[in-house]
1. Evaluate 2.2 N^0.38 Å with N set to the residue count of the chain, then give the Cα radius of gyration divided by it.
2. Would you mind computing the Rg to Rh ratio of segment 1-80 from its alpha-carbon coordinates, Kirkwood style for Rh?
3. Could you tell me the relative contact order of the chain? Use alpha-carbon pairs under 8 Å, at least six residues apart, and round to a whole percent.
4. Using only the alpha-carbon atoms, what does segment 205-353 span along each of its principal axes? Please give whole angstrom values in decreasing order.
5. In the chain, what % of DSSP beta bridges are antiparallel (nearest 5)?
6. Extending each Cα 7 Å along its Cβ direction at S33 and R10, get the distance between those two points in nm, one decimal.
7. Treating the angle as unsigned and between 0 and 90°, give the value, to the nearest 10°, between the Cα long axis of helix 105-117 and the longest Cα principal axis of the chain.
8. Which pairs break 27 Å Cα to Cα here: K58/K96; K76/K187; K70/K220; K5/K249?
Amino acid sequence: MKKLKVNTGRKYDIIIDRGIIDHCGEYIKSVSSPTRVAVITDSNVHALYSQGVIASLKQSGFIVSEFVFKAGETSKNFRTIEAMYSHLADNNVTRKDMILALGGGVTGDMAGFVAATYLRGIEFIQVPTSLLAQVDSSVGGKTGYDIKQGKNLVGAFWQPSLVLIDPDTLNTLPQRYINDGMAEVIKYGCIKSLGLFRLLKKGMDQLDIENIIFRCVYIKRDIVQNDEKESGERKLLNFGHTIGHALEKIYEYKKLSHGEAVAIGMVMMSRASEAEGVSSKGTAAKIAELCRTYNLPTYDEASLRDIAFASQSDKKTSGRDIDIVILNSIGKARVKKISQRDFQHYLETAEEQ
Ligand code: GLY
């Protein structure tokens, strides 16, 4: 068992342990005393884990309700959010009660947003079951949903009261979504840890996944503590995400998973900053090679014009500028402001090499 304390506006623990999902009731009881717990989950995760989670919650004395939505990024919209609010109201969930987000990033982001806004805010617990959610989205309090203009454009910062990570849930995750999460793991190596980046070269079979999750969460915890509301250092976590979100949007969240899009974004961004003479030579090739180790794409045929256009509505755009994240070398990242107008040209410099 591994435990980390997060010292943000709301302080909470992250606990990583195999099998913890079936004991979630006991852990929740130790941090809070709600009467009711509303479990929010998607159709895939419901079939696999709801029974064990609900049994544990009931055993600990909670009154439990469950809201299940259709799995997938295309459900991450206001219609689903509205149905969640109705579920809470219909089940008499009050300010003293709690939401439990059981699932991947889509579930955690939406359940967290509902927790942030229902009755002006109630507590919530994250029980992430995908690698992407375990290493990234369940920690740090970013919540929200997509609108047609872009991903996560509506949201709130709302920290959970507890994060329970069960690495055993990865046993049921399809390989594509293990790879998807590995893109975020590679991101942590790129922005903060050359040691992690090197370790990842061993390949999936040689990794202790519990240790990898811990290392990522440790990095994220430190960043979030320094900059909870993303006014500085937290922006580094967006490495590869400006292009990644643009690609997801171009393909209407259907062709590329989040991690796949981010992998392409990390490589493209590194090529451009290498061409500019900022990233040390070979940086993009090293990242591309590591992405390929985890069967992640490193190139997409979308035009740079379309990518630059789609990135205009990204959250990382402020005024006429976009905050892009570039690497000086693997493990050393920084934020650079670039005008929206110059972004396409910036990407083109890599093509011209
Ligand atoms: N996923 C990036 C962040 O939490 O800031």
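1. On the way: Rg = 19.7 Å, N = 353, 2.2 N^0.38 = 20.4 Å.
Relative to the 2.2 N^0.38 Å estimate, the chain comes out at 0.96.
2. Numbers: Rg = 14.3 Å, Rh = 14.3 Å.
Ratio of gyration radius to Kirkwood radius for segment 1-80: 1.00.
3. On the way: 700 pairs, mean separation 52.3, N = 353.
It comes to 15 percent, rounded to a whole number.
4. For segment 205-353, the Cα spread along each principal axis is 42, 34, 33 Å.
5. Working: 21 of 45 bridges.
Among the beta bridges of the chain, antiparallel pairing accounts for roughly 45 percent.
6. 1.9 nm
7. Once rounded, the angle reads 60 degrees.
8. On the way: K58/K96 17 Å; K76/K187 24 Å; K70/K220 29 Å; K5/K249 35 Å.
Pairs exceeding 27 Å: K70/K220; K5/K249.
Every number here is computed from the coordinates shown, using simple stated rules; none is lab data. Keep in mind the model is a prediction, meaning the values are calculated, not measured. We place every Cβ from the backbone using ideal geometry, glycine too, and count neighbours over all the protein chains shown.
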